[in-house]
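A.B. asks: Right, I'll just put the structure down here and ask away after.
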Amino acid sequence: MKKTFILSVTAHSALRALQRIVCLLTRSRIDVDRLTMAEADAAGVSRLEICLRVEPQIAERTAKQLRRVVEISDVHIQPL
Amino acid sequence: MVQALVEEGVEVVFGYPGGAIMPMYDALHVHGGALRHILARHEQGAAMAADGYARVTGRPGVCVATSGPGATNLVTGIAGAMLDSIPMVCITGQISGAFLGSDAFQETDIIGITAPITKWSYQITRAEEIPEVFAKAFHVARSGRPGPVLLDVAKDAQFASLDFRYRRRPPAPKPELDLDRVKEAARLLNEARRPCIFIGHGVLLSGAQKEVVALAEKTGIPVGSTLLGLSAFPPDHPLNAGMLGMHGNYGVNVLTNQADVILAVGMRFDDRVTGKLALYAKQAKVIHIEIDLAELDKNVRAAVALHADAKEALQELIRWVEPAKHSEWLTGFRHYDGLEFEAVVKNETTPAEGDIRMAEVVARLSEKTDGRAIVVSDVGQHQMAVARYYRFKRPNSHLSSGGLGAMGFGLPASIGAQLGAPDRQVVLIMGDGGFQMNIQELGVVAQERLPLKMILLNNGFLGMVRQWQEMFFEKRYSFTELSNPDFLKIAGAYGIAARRVAARAELAGALTEMLDADGPFLLEVVVEREANVFPMIAAGSAVDEMLLSMKP
Ligand SMILES: Cc1ncc(C[n+]2csc(CCOP(=O)(O)OP(=O)(O)O)c2C)c(N)n1
């Protein structure tokens, strides 16, 4: 059963991270309700927040796959 | 860029020139001798040769291509390296920075195209970025679970000069071992009555072969291997239970569903291994040692998930397990081995009559080379014959496109393997379909005078697909029969010695002639046209529903 999750990602190169995030989401056919990308801070670190509707195992899998992305330093996923 | 490769200790690069990579090619010329460049005949060949080179040396393979078509031709090679965890650094030229995004001549967004199939990629638009980005590329390719990275370098950045200072980066530290979990794993193994160890490519990547043997011997647990783990465990060891998966061995597959504890090391429970996941090892407690966090609990839930380097984890685990023997459990494996031998192996490897079978060619080769050659296969029925019947006695000696299953892999990968291990006997085994997918790479074999031995198992069909048509599509052979050229003439045109055999009595002599030849040699063996690979777990079936022969 699909549930809504909030995925928070910290990345040091927002656009390249976003490209890989989108690849992973589309590959697993995950529905995205909303995506926000905040401006990078002084150190060039950006935050992305993505609201997803997905089965819990797929959410867990995707979070782990995102942690492999070199540009991404932190991933949090929480049910809404 | 050439300097950066030299700093990384790269000795060989595989590539193909073109407009957007010409400055780098000029540097290869000017600094000739710093690196050996092998000119592929298609960029896919360059990528797959770099992959084969990495598989035998354990060092990143490097390939180079121009922008546009050169870059897109690398794609299949990169995808294969990604799925099989092969460290590779792919360098593509790109149009100059000012024209990016304008659909300029030979502009393709190769970073976008390869994003899902690279571990990391980066577009360099300023020369000053080169040292740091190259160092990072090699670092990422080698660290943790290895994989391919792609560097796309704009032409103007290649032309510009820079103040070159290079700092190599060591591979990332291994994940910290969780001792409590190791002890918990040991407790499960100590209490187990029907345990199995399953090993994969990760064992070879971390160099944990000795540890696997030591653990298996101390605990008396049988060891099954995935396709890519094959050369990690001695073939003649009494605890060797054979290969897992679709065309693996009967006992280890059937008994997977009776095991109470499974220790999986450096393997990822691919669907070719598990068959129907819902019916896979549901009764077993799984201990999973894996360096890639994303593989833990992905397909199979682990009772104990150990995010660790295989070698480090096994070294610790060995200290905590108690010596044991599982004689009765092992008897079960022998029983199934006996059934498989009678139903399949005997007739495959020593048939009394009829056309030559793929398995007997592999078995004779295995005997003649004493299991010590590097054997590269392409994809199809012959690939399964190699995996099942070559008895690999040395590690990192079985090269196969596992995760991607890319036909055309064999010839270029064996070129890379021979260049990576010039003193070893390298034998390629391929089908008539896959040979023709990268047949142009014979040009490299000829130009470099590589002593590569090539065996073509010619059945006149795309055999593996024909088998599925026979089994699941009522023998409707839709476009799987090939009308083939005279392969001996093709070899001859390249100046490569060649011979064809169709009679069993000539097989042994022909293999000897091939192995003894100084230079390259193509041996075409005409094999049974409509043979099938068994045992088999049909797609959608459970591991314990493995078939020994065609259903009546
Ligand atoms: C690039 C690519 N295209 C298609 C396939 C599908 N495929 C898998 S095995 C096979 C047949 C291979 O035939 P051949 O090379 O003659 O080897 P054989 O199975 O006869 O040993 C095909 C077409 C593939 N694996 N790779």
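The values are calculated or read from the model by the stated rules, or taken from the named source; none is laboratory data. It should be emphasised that the depicted structure is a prediction, and the values quoted were computed from it without experimental measurement. Positions of Cβ are backbone-derived with ideal geometry, glycine not excepted, and every protein chain shown enters the neighbour counts.
A.B. asks: Would you confirm, using the coordinates I've provided, whether B:Val427 is within 13 Å of the ligand (Cβ to nearest atom), under 17 Å from the mean Cα position of the chain (by Cα) and either more than 14 Å from every other protein chain (Cβ to nearest Cβ) or farther than 15 Å from B:Gly229 by Cα (or both)?
C.D. replies: no
A.B. asks: Restricting attention to the stretch B:432-444, does a residue exist that is over 25 Å from B:Arg272 (Cα atoms) and of a type in the set (Gly, Ala, Ser)?
C.D. replies: Yes, some residue in the stretch B:432-444 is over 25 Å from B:Arg272 (Cα atoms) and of a type in the set (Gly, Ala, Ser).
A.B. asks: Name every residue in the stretch B:456-465 that is more than 6 Å from the ligand (Cβ to nearest atom) and over 21 Å from the mean Cα position of the chain (by Cα), in order of residue number.
C.D. replies: B:Asn458, B:Gly460
A.B. asks: From B:Val182, B:Val140, B:Val149, B:Val213, which residue is of a type in the set (Val, Ile, Thr) and over 29 Å from the mean Cα position of the chain (by Cα)?
C.D. replies: B:Val182
A.B. asks: Separate question: Scan B:Ala510, B:Ala491, B:Ala505 and give me the residue that is in contact (Cβ under 8 Å) with a residue 24 or more places away in the chain and out of contact with any Asp or Glu (no Cβ under 7 Å at 6 or more places or on another chain).
C.D. replies: B:Ala491
A.B. asks: Go through the stretch B:49-116 and tell me which helices (runs of 4 or more DSSP H), entirely inside it, have 1 or more residues that are surrounded by fewer than 24 Cβ atoms within 10 Å (Cβ to Cβ) and touching a residue at least 60 places away in the same chain (Cβ under 8 Å).
C.D. replies: In the stretch B:49-116, B:75-83 are the helices (runs of 4 or more DSSP H) which contain 1 or more residues that are surrounded by fewer than 24 Cβ atoms within 10 Å (Cβ to Cβ) and touching a residue at least 60 places away in the same chain (Cβ under 8 Å).
A.B. asks: Going by what's in this entry, would B:Glu545 be described as under 30 Å from B:Leu279 (Cα atoms), assigned by TED's automatic domain parsing to the domain that holds B:Ala385 and of a type in the set (Asp, Glu)?
C.D. replies: No: the conditions fail for B:Glu545.
A.B. asks: Tally up the residues in the stretch A:11-58 that are within 13 Å of A:Val69 (Cβ to Cβ) and out of contact with any helix residue (DSSP H, G or I) (no Cβ under 9 Å at 6 or more places or on another chain), please.
C.D. replies: Residues that pass the stated criteria total 5.
A.B. asks: In the stretch B:430-455, how many are of a type in the set (A, V, I, L, M) and near the ligand (Cβ under 9 Å from one of its atoms)?
C.D. replies: 2
A.B. asks: With B:Thr76, B:Thr118 as the choices, which residue is under 25 Å from B:Gly19 (Cβ atoms), of a type outside the set (Asp, Glu) and out of contact with any strand residue (DSSP E or B) (no Cβ under 7 Å at 6 or more places or on another chain)?
C.D. replies: Testing whether each residue is under 25 Å from B:Gly19 (Cβ atoms), of a type outside the set (Asp, Glu) and out of contact with any strand residue (DSSP E or B) (no Cβ under 7 Å at 6 or more places or on another chain) leaves just B:Thr76.
A.B. asks: For residues that are more than 24 Å from the chain's Cα centre (by Cα) and part of a helix (DSSP H, G or I), scanning just the stretch B:257-280, find the one that is farthest from B:Met536 (Cα to Cα).
C.D. replies: Of everything passing the filter in the stretch B:257-280, B:Ala278 is farthest from B:Met536 (Cα to Cα).
A.B. asks: Something else now. Scan the stretch B:336-383 for residues that are under 21 Å from B:Pro234 (Cβ atoms) and within 14 Å of the ligand (Cβ to nearest atom) and jot them down.
C.D. replies: Listed by number, the residues that qualify are B:Ala359, B:Val362, B:Val376, B:Ser377.
A.B. asks: Out of B:Ala313, B:Ala294, B:Ala343, B:Ala305, report the one residue that is in the same structural domain as B:Gly275 (by TED's automatic domain parsing) and over 23 Å from B:Ala232 (Cα atoms).
C.D. replies: Exactly one residue qualifies, and that residue is B:Ala294.
A.B. asks: Let me ask something else about it. For the condition surrounded by fewer than 15 Cβ atoms within 10 Å (Cβ to Cβ), small (Gly, Ala, Ser) and touching an Asp or Glu at 6+ places or on another chain (Cβ under 8 Å), what is the one hit in B:Gly266, B:Gly338, B:Gly354?
C.D. replies: Result of the check over B:Gly266, B:Gly338, B:Gly354: B:Gly354.
A.B. asks: Restricting attention to the stretch B:145-195, report how many residues are outside any helix (DSSP H, G or I) and of a type in the set (Lys, Arg).
C.D. replies: 8
A.B. asks: Looking at B:Glu481, B:Glu513, which one is at negative phi, more than 12 Å from the ligand (Cβ to nearest atom), more than 14 Å from every other protein chain (Cβ to nearest Cβ) and at pLDDT 95 or above?
C.D. replies: B:Glu513
A.B. asks: What are the residues in the stretch B:365-394 that are farther than 24 Å from B:Arg466 by Cβ and buried (at least 20 other Cβ atoms within 10 Å of the Cβ), if any?
C.D. replies: Once the filter is applied, which keeps residues that are farther than 24 Å from B:Arg466 by Cβ and buried (at least 20 other Cβ atoms within 10 Å of the Cβ), the stretch B:365-394 yields B:Ser366, B:Ala373, B:Ile374, B:Phe392.
A.B. asks: So which residues in the stretch B:291-309 are more than 10 Å from every other protein chain (Cβ to nearest Cβ), under 20 Å from B:Ala259 (Cβ atoms) and outside any strand (DSSP E or B)?
C.D. replies: B:Val300, B:Ala302, B:Ala303
A.B. asks: Looking only at the stretch B:117-132, how many residues end up being within 12 Å of another protein chain (Cβ to nearest Cβ) and not in a strand (DSSP E or B)?
C.D. replies: So the answer is 3.
A.B. asks: Among the numbered conditions (1) surrounded by fewer than 21 Cβ atoms within 10 Å (Cβ to Cβ); (2) in the same structural domain as B:Leu306 (by TED's automatic domain parsing), tell me where B:Arg168 comes up short.
C.D. replies: The number of the failed condition is (2).
A.B. asks: Return the pairs, sorted by first residue and then second, in which the second residue is among the basic types (Lys, Arg) and crowded, with 20+ Cβ neighbours inside 10 Å, the first residue lies in the stretch A:65-80 and is within 13 Å of chain B (Cβ to nearest Cβ), the beta carbons are less than 6 Å apart, and the residues are 6+ apart or on different chains.
C.D. replies: Filtered contacts from the stretch A:65-80: A:Val69/A:Arg20; A:Glu71/A:Arg16.
A.B. asks: Residues in the stretch B:7-16: is at least one assigned by TED's automatic domain parsing to the domain that holds B:Thr76, of a type in the set (D, E, K, R) and assigned to a helix (DSSP H, G or I)?
C.D. replies: So far as the stretch B:7-16 goes, yes, one or more of its residues are assigned by TED's automatic domain parsing to the domain that holds B:Thr76, of a type in the set (D, E, K, R) and assigned to a helix (DSSP H, G or I).
A.B. asks: Continuing with this model, one more query. Looking only at the stretch A:31-60, filter to residues that are within 14 Å of chain B (Cβ to nearest Cβ) and closer than 24 Å to B:Ile117 by Cβ; which one of those is farthest from the chain's Cα centre (by Cα)?
C.D. replies: My answer is A:Gln57.
A.B. asks: Need the failing condition index for B:Ala413 against (1) touching a Pro at 6+ places or on another chain (Cβ under 6 Å); (2) within 17 Å of B:Leu457 (Cβ to Cβ); (3) surrounded by 24 or more Cβ atoms within 10 Å (Cβ to Cβ), just the number.
C.D. replies: (1)
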